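What follows is one structure encoded as structure tokens, with my remarks underneath.
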Amino acid sequence: MSLTKQDIDHLNHHFKGIPPEEIISWAVHYGSRPVVTTNFRPYEVAILNAVTEVRSNIPVIWCDTGYNTPNTYNHAEELIERLNLNIKLYVPKQTTAHRDAVMGIPDIDDPRHKLFTEQVKLEPFRRAMSEYQPDVWFTNLRKGQTALRDTLNILSLSESGVLKVSPFYHWSDTRLDAYLSQRGLPNEHKYFDPTKVLENRECGIHT
């Protein structure tokens, strides 16, 4: 049974202030094919920890652009081992070395930047979602990150009708810092996404 906009509005009102684990528990029972996506950016450890505490074997889809910082790759390896993540890795069809030779990382104003984003992020993401066909998609979107994300909520529907669940949507960095500190979880801030460049830009996955 699919949720109506009225259902989602009602649930978002109810879920505001509810612990993330309770929201996640509801969502994994609502759906039959939940996944969580990650890029191991700052504070991603919160959603990964919270979701795997409820469903330990949930598929964790990582679309690795091939351009992460060494710190991000080391952080990813630490979390994969520590949280025993069921990682499903998706990478571009062209190697980073090949792309660097023929294109490099185009400037944000370069017409080729759209092709670059398609190759390193959007195509692998669509491939992953096509293979897993999720009905529930956990993300760590939060209010205040971008103009688009300010229009969303804890629950929202993607264009394809997948229920997108962002349990930490209303949480601030300070509150998340406390969450991580209480659980002794690591964070990593030396992160760079070449498809976005600026923190307040969207790459296209959530549009």
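The values are calculated or read from the model by the stated rules, or taken from the named source; none is laboratory data. Note that this is a predicted model, so its numbers are computed, not measured. Backbone-built Cβ (ideal geometry, glycine too); neighbour counts: all protein chains shown.
Residues to consider are PHE116, PHE125; find the one that is touching a residue at least 60 places away in the same chain (Cβ under 8 Å) and either farther than 22 Å from GLY31 by Cα or among the aliphatic types (A, V, I, L, M) (or both).
The unique qualifying residue is PHE116.
Given the residues ASN71, ASN84, which is the only one that is loosely packed, with under 15 Cβ neighbours inside 10 Å, at pLDDT 95 or above and in contact with a Phe, Trp or Tyr (Cβ under 9 Å, 6 or more places away or on another chain)?
ASN71
Scanning for something surrounded by fewer than 15 Cβ atoms within 10 Å (Cβ to Cβ) and in contact with a Phe, Trp or Tyr (Cβ under 6 Å, 6 or more places away or on another chain), does segment 89-101 turn up at least one residue?
yes
Within segment 162-178, identify whether any single residue is of a type in the set (Gly, Ala, Ser), under 14 Å from the mean Cα position of the chain (by Cα) and modelled with pLDDT of 80 or more, and answer yes or no.
Scanning segment 162-178, I find at least one residue that is of a type in the set (Gly, Ala, Ser), under 14 Å from the mean Cα position of the chain (by Cα) and modelled with pLDDT of 80 or more, so the answer is yes.
Quick one: in segment 6-16, of everything that is touching a residue at least 12 places away in the same chain (Cβ under 8 Å) and not polar (S, T, N, Q), which residue is surrounded by the fewest Cβ atoms within 10 Å (Cβ to Cβ)?
For segment 6-16, the residue satisfying everything is LYS16.
Of the residues in segment 162-199, how many are assigned to a loop (DSSP other than H, G, I, E, B) and of a type in the set (Ser, Thr, Tyr)? Break it down stepwise before answering.
Within segment 162-199, the subset assigned to a loop (DSSP other than H, G, I, E, B) is 162, 166-172, 184-199.
Right, trim to of a type in the set (Ser, Thr, Tyr) and you get 166, 169, 172, 191, 195.
Within segment 162-199, residues that are assigned to a loop (DSSP other than H, G, I, E, B) and of a type in the set (Ser, Thr, Tyr) number 5.
Having 2 or more residues that are farther than 23 Å from GLN182 by Cα is the bar; report the helices (runs of 4 or more DSSP H) wholly within segment 41-105 that clear it.
70-82, 96-102
Which members of segment 17-55 meet the condition of being surrounded by fewer than 20 Cβ atoms within 10 Å (Cβ to Cβ), closer than 16 Å to LEU163 by Cα and either touching a Phe, Trp or Tyr at 6+ places or on another chain (Cβ under 6 Å) or in contact (Cβ under 8 Å) with a residue 40 or more places away in the chain (or both)?
VAL28, TYR30, GLY31, SER32, ARG33
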